[in-house]
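Engineer: This is the structure I have questions about; it appears just below.
The values are calculated or read from the model by the stated rules, or taken from the named source; none is laboratory data. Note that the structure is a prediction, hence the values are computed from the model and not measured. Here the Cβ is made from the backbone with ideal geometry for all residues, glycine too, and neighbour counts use every protein chain on show. Remember, those area values only see protein heavy atoms, side chains included, never the ligands or the DNA or RNA. Shrake-Rupley method; radii C 1.70, N 1.55, O 1.52, S 1.80 Å.
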Amino acid sequence: MQPVVLGGGTGSDERDLLTALLAGDEDAFRFLVDRYYRAMLYVARGFVRTTSAAEEVVQETLLAVVEGLPRFEGRSSLKTWIFRILVNRARTRGARQRRCVTFSCLRGDRSDGRNDPPAPGDAASVVTGIPRSVDPAGVVLNQELGEAVWTAVDQLPARQRQVLVLRDVEGWTSGEVCDLLSLSDANQRILLHRARTRVRAQLLPYLNR
Amino acid sequence: MRLPPRRRHRDELRCRQAVELLTDYLEGALPTRERARLEAHLRACDGCRAYLEQIRATISALGRARPAPPDPTVRAELIELYRRYHATSG
């Protein structure tokens, strides 16, 4: 197997993953899916009107990633590359949805996906807790707080959620988020502020334990 | 006896204004003077200091919350696509 030679954007962890993915290693692909699916779904959901449309966008993106991997040059990180493909597809799909003239559009289903509440079932992304005895430092969230976090995230307006998930859950920098979502720094901060304010309010009963 | 409302120095922040600045503060995006005003308010105000700690705790909780993998059907479909792709592309 040829070692993968990449540009400077890709770290060594990503390089190992990339090599494995190119070789058809299913565990590698499973890892990728498990790691990024939810964040990808939340980002897509900020551009399209329904969760099922967002799921389709994520699926198409993952397929495009698999097909495009041999041509990935590593100028950006793998993560950035994947999310850029996702955002492009989600935007296109979202724009197409808004232009649709089906009966449901005419009937007044005029939401543009931006502030829709999540569809039922989104709150299924629950983190399994780890008992304190195994995690005495409390690095991993306990079950209750973990569930409360995801419930709060699921209830956010879609655009606030995109920013919050990428910044505070996934740890992206403000520059990376602004770049991906074509936001000004100021707008990004407004969305982040609103999202954090809402999540704080919902987590309050759990934060002092 | 009801005390008269405290006269506010014209530069002082009200709590409602202070909490609105907290994200910009944490991002390091406040201009120097605003930051100074906010920090003065935080020094004097237990409520807003607590609010800031709660925001920090919220951010911390979010950072430690790992998203669960997609539901098993979705996951299986995706892996099947991957498998098929690699089978046909040799």
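Engineer: Taking the criterion of being more than 18 Å from A:I190 (Cβ to Cβ), open to solvent by 50 Å² or more (accessible area, probe 1.4 Å), modelled with pLDDT under 95 and touching a Lys or Arg at 6+ places or on another chain (Cβ under 9 Å), would at least one residue in the stretch B:15-26 satisfy it?
Structural biologist: no
Engineer: Conditions first: (1) among the aliphatic types (A, V, I, L, M); (2) open to solvent by less than 40 Å² (accessible area, probe 1.4 Å); (3) at pLDDT 95 or above. B:A36 passes all but one, so which condition is the exception?
Structural biologist: (2)
Engineer: For the stretch A:48-74, enumerate the residues that are open to solvent by less than 30 Å² (accessible area, probe 1.4 Å) and out of contact with any Phe, Trp or Tyr (no Cβ under 7 Å at 6 or more places or on another chain).
Structural biologist: A:V48, A:T51, A:A53, A:A54, A:V57, A:T61, A:L62, A:A64, A:V65, A:G68, A:L69, A:G74
Engineer: Can I ask one more? Give the stretch A:75-88 a look and list any residue that's open to solvent by less than 10 Å² (accessible area, probe 1.4 Å) and under 12 Å from the mean Cα position of the chain (by Cα), or say none.
Structural biologist: Hits for the stretch A:75-88 are A:I82, A:F83, A:L86, A:V87.
Engineer: Residue under question is B:R49, and the condition is that it be open to solvent by 80 Å² or more (accessible area, probe 1.4 Å), modelled with pLDDT of 95 or more, assigned to a helix (DSSP H, G or I) and more than 10 Å from every other protein chain (Cβ to nearest Cβ); does it hold?
Structural biologist: So B:R49 fits the description; yes.
Engineer: I've got another one for you. So, in the stretch A:1-22, of the ones that are surrounded by 16 or more Cβ atoms within 10 Å (Cβ to Cβ) and of a type in the set (V, I, T), which residue ends up modelled with the highest pLDDT?
Structural biologist: A:T19
Engineer: If you scan the stretch A:136-153, which residues turn out to be at pLDDT below 80, more than 7 Å from every other protein chain (Cβ to nearest Cβ) and open to solvent by 50 Å² or more (accessible area, probe 1.4 Å)?
Structural biologist: A:P136, A:A137
Engineer: Could you grab the pairs with beta carbons closer than 6 Å, sequence gap of 6+ or different chains, first residue in the stretch A:65-83 and over 22 Å from A:L181 (Cα atoms), second one open to solvent by less than 20 Å² (accessible area, probe 1.4 Å)?
Structural biologist: What qualifies is A:V66/B:Y82; A:L69/A:L21.
Engineer: Name the residues in the stretch A:170-200 that are in contact (Cβ under 8 Å) with a residue 40 or more places away in the chain, facing another protein chain (nearest Cβ under 9 Å) and of a type in the set (A, V, I, L, M, F, W, C), would you?
Structural biologist: A:V199
Engineer: Considering every residue within the stretch B:61-74, establish whether at least one is open to solvent by 40 Å² or more (accessible area, probe 1.4 Å) and touching an Asp or Glu at 6+ places or on another chain (Cβ under 9 Å).
Structural biologist: yes
Engineer: Also: Please work out which one of (1) basic (K, R); (2) open to solvent by less than 50 Å² (accessible area, probe 1.4 Å); (3) more than 10 Å from chain B (Cβ to nearest Cβ) is the condition A:R38 fails and give its number.
Structural biologist: (3)
Engineer: Are any residues in the stretch A:23-35 aromatic (F, W, Y) and open to solvent by 10 Å² or more (accessible area, probe 1.4 Å), and if so, which ones?
Structural biologist: The one that is aromatic (F, W, Y) and open to solvent by 10 Å² or more (accessible area, probe 1.4 Å): A:F31.
Engineer: I need a count of the residues in the stretch A:83-126 that are closer than 24 Å to A:A195 by Cα and modelled with pLDDT of 55 or more.
Structural biologist: Number satisfying all stated conditions: 8.
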